[in-house]
Structures are given as C-alpha cells and as structure tokens.
Amino acid sequence: MSMPTGRALLDPSMLLHKIDLSTGDQYADFGCGALGHFVFPASEIVGEGGQVFAVDVVKGVLEELEQRIRDESAHNVTPVWGDIERDRGINISPESLDVVSMVNMAAHIDIAPKSFEEARRLLKINGRLLVIDWKPEAGSIVIDAKERTSADSVNAAVTRTGFRLVNEFEAGPQHWGLLFQRVA
C-alpha cells in the first residue's frame, strides 16, 4: 500500500472553507512548518483585507517560509517566531484573531494547556480554534502510533481552557478534526 501525500492526506483549502474562514479574517497557523501547508491556502481565502500569521518556534523554518512568501507574493502573510507553550509566547495582539489552527501538533505539545490558553488569549470572543491530528488507529509511516492523540483527549484539554466544541469531523483518511469556539 502506498502512502498518500499532499492533498490526499489533508486538503487545507477544503478544510479552511469547511470552518468558514472568510475574506478579511485574521488567521494564525501555530506550528506552520516550512511548507506553510495551511498558510498559503489561508492567504488566498482571507485576501488582501485579511492577515495570516505563520507561527513557528523554529527560526530556520520561518526563514524558509519567508522565501516562499516572497516567491508567491503573499503580502498578507507575516512569519512570527513564537512559543505556543509559553505564557504570552506569541507576539500577536490579544483578542485579534478570528481563527487559529493547530495541525499535527498534538505529539509536539503533549496536550499542553498552555498552547490552548495562548490560542484563547489571541482569539476574539467567538473566535474559532481548529485542531487536526493523526487518528490513533491510522496506519502511518509518518508518525509513530504511540505519539498520536485521540480527538477525545484533545477535546477534554481544550474545553478546560475556555472553548466549546462546535464540530467534530473526519479531516482526511488518516486525520480527525475538531472545531472549537472561544467562549467569553
């Protein structure tokens, strides 16, 4: 069996439309990675009136991403060095974002409440948090089974930090997705 890649695993554009990311929105992708898999589709969706913050803790990743931003003339994308596991670890204005995404991050953040608290701090009231990760039962060579986290455990951690679950869905053949809304 061959391993699906790219949009066969996750279709960022479809997923961002599914959660109603819109023209003019302020969006941040926590742990964006060098490819900006969600950053560039978000840039197209929010348009010139919106803003995309590509957040990562690895400075080299952001340097690679900056080159792609220039190559693609994505003027509404701003790379931001930030540590989502630290209190006020991301230098974005509080309560300024409409949507924050965390994709394939559960193994890295260990369901650390600080990361969800940081998302809550940056989101507007009623702002949305999108969490997508590998299904524990999915057969994958990409991430070891013991590093995968269930949607239920993420749901419990996120709802304890001031969010309510809005939607649970299959994000791809090997991924689950959860959409939360920040409550006041």
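Brief remarks on what is shown
- Full extension of the chain between residue 72 and residue 14 gives 18.9 nm of extra length, using 0.36 nm per residue less the Cα-Cα distance.
- Sorting 81, 134 by the number of Cβ atoms found within 10 Å of their own Cβ, with the fewest placed first, yields 81, 134.
- The chain: most fluctuating residue of 93, 13, 22 per GNM, C-alpha cutoff 10 Å: 93
- Per-selection Kirkwood Rh - the chain (Cα, Å, 1 d.p.): 16.3 Å
- Net length gained if the chain between residue 48 and residue 137 were fully extended (0.36 nm per residue, minus Cα distance): 28.0 nm
- Computed FRET value (nearest 0.05) for residue 34 with residue 167, which takes r as the C-beta separation and R₀ as 35 Å: 0.75
- The chain: most fluctuating residue of 168, 137, 85 per GNM, C-alpha cutoff 10 Å: 137
- Note: relative contact order over the chain, using C-alpha pairs below 8 Å and six or more positions apart, is 19 percent.
- Maximal additional length on extending the residue 63-residue 160 stretch stands at 31.5 nm, based on 0.36 nm per residue less the C-alpha distance.
- Counted without the sites themselves, the longest stretch of the chain free of trypsin sites (Lys or Arg not before Pro) in a DSSP loop having at most 16 other beta carbon atoms within 10 Å is 1-85.
- Among 77, 99, 52, the residue with the largest mean-square fluctuation in a Gaussian network model of the chain, with springs joining Cα atoms closer than 10 Å, is 77.
- If a spin label sat at a point 7 angstrom from the Cα of residue 124 along the line to its beta carbon, the backbone N atoms of segment 161-184 nearer than 20 Å would be those of 162-167, 179-184.
Each reported figure results from applying straightforward, stated rules to the coordinates on display, with no laboratory input. All values derive from a computational prediction rather than experimental measurement. So basically every Cβ, Gly included, is an ideal-geometry build from the backbone, and we count neighbours across all protein chains shown.
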